[in-house]
Amino acid sequence: MRWYWIDRYTEFVRGTRATAVKCVSLAEEHMHDHFNHYPIMPHSLVVEGVAQTGGLLVSEFNECREKVVLAKLTKAVFYCEPRPGDVLTYRVQVQYLNANGASITATSHIGDKLHAEFDMMFAYLRDNDFGDKELFTMQDYKHLFFNFHVYDIGTEADGVTPISVPDCFKNI
Amino acid sequence: MAIDPEIFEKVQATLCDALSVDEDEVTEEATLVGDLGAESIDFLDIVFHLEKAFNIKVERGELFPEDIFTDAKYTQNNRLNAEGMAALRERLPFIDLTEFEKNPVVQEFPSRMTVADMCRFVQHKKQ
């Protein structure tokens, strides 16, 4: 099983905002025990999905030069439970982005119904924070962005001009 | 350096927001770590808020000069030496280092920073 907690992006506005969907399925292993007679998607995995939606948005803006990690979950409020068959829509808006990290606000909806709200902060790890170890290779990032359809639907900050595949993903 | 009440008010709002503390807890003398419960990652959040609120740019290491604390020529037995203290004073002229200087243990530096220090930092940046 891979640690993917979104299925694809449906909107990706470089460095600004993004929308991703997650289809909740009874076939997912964690649903078998959470809970046996009342399967719901754990809130912690929703947080992970929203963090992936926002974290990759921030990474892509930096052409993956930074090691972006979820640093702080300032707010997480849940209003209902995702059940098998639901499609979660995560909408992320970048609030702030500088040389040290980024902050986002986000919502999760089940259809039109507000499911959860979040404020999150991402930090960039420096080399001495993590030794020489690479968190992800450029190839990993490339697979993620292509699997999530970023370059099929992504636009520049104007929301109209299609984004092109950055140089860091060419020839790998 | 006297603290500008307008700056204090904005710093107070920033800290209430970033650390989920009440306004009356954020006094000038309160220490960020000891009294307000800030953890290391909160400082990044605080810096985001300050940059936004005051339209300033804070470079990494500007508020906490890690390079001084990790440079062997400035430290001895986990404490800043005289040269290190001089470098710190030069880098952070807005912070009152009198208490820290009595026992300059590197790890204790962040826990000594007060709300007033944070206000003076902003005033210094805005000059």
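The values are calculated or read from the model by the stated rules, or taken from the named source; none is laboratory data. Keep in mind that this is a model prediction, so the values were computed, not measured. For neighbour counting, all protein chains shown are included, and Cβ atoms are generated from backbone atoms with ideal geometry for every residue, glycine included. Each accessible area value is taken on the protein alone, full model and side chains, heavy atoms only, with ligands, DNA and RNA left out. Shrake-Rupley method; radii C 1.70, N 1.55, O 1.52, S 1.80 Å.
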For segment B:59-84, how many residues are in a loop (DSSP other than H, G, I, E, B), more than 14 Å from every other protein chain (Cβ to nearest Cβ) and surrounded by 13 or more Cβ atoms within 10 Å (Cβ to Cβ)?
2
When the residues of segment A:44-71 are narrowed to those that are more than 16 Å from A:Asn100 (Cα to Cα) and of a type in the set (Ser, Thr, Tyr), which ends up surrounded by the most Cβ atoms within 10 Å (Cβ to Cβ)?
A:Thr53
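Going through B:Ile46, B:Ile7, B:Ile56, B:Ile68 one at a time, which residue ends up being touching a residue at least 12 places away in the same chain (Cβ under 8 Å) and either among the polar types (S, T, N, Q) or in contact with a Cys (Cβ under 8 Å, 6 or more places away or on another chain) (or both)?
On inspection, the qualifying residue turns out to be B:Ile7.
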Residue that is modelled with the highest pLDDT, among those in segment A:127-155 that are outside any helix (DSSP H, G or I) and farther than 16 Å from A:Val58 by Cβ:
A:Thr155
When you go through B:Val26, B:Val21 one by one, which is the residue that is crowded, with 17+ Cβ neighbours inside 10 Å, at pLDDT 90 or above and within 14 Å of chain A (Cβ to nearest Cβ)?
B:Val21
By residue number, the members of segment B:85-108 that are touching a strand residue (DSSP E or B) at 6+ places or on another chain (Cβ under 9 Å), surrounded by 11 or more Cβ atoms within 10 Å (Cβ to Cβ) and under 25 Å from B:Ala38 (Cα atoms) are B:Leu88, B:Ile95, B:Asp96, B:Phe100, B:Glu101, B:Pro104, B:Val105, B:Val106
Some residue of segment B:36-45 being more than 14 Å from chain A (Cβ to nearest Cβ), farther than 21 Å from A:Gly101 by Cβ and either among the acidic types (Asp, Glu) or open to solvent by less than 30 Å² (accessible area, probe 1.4 Å) (or both)
no
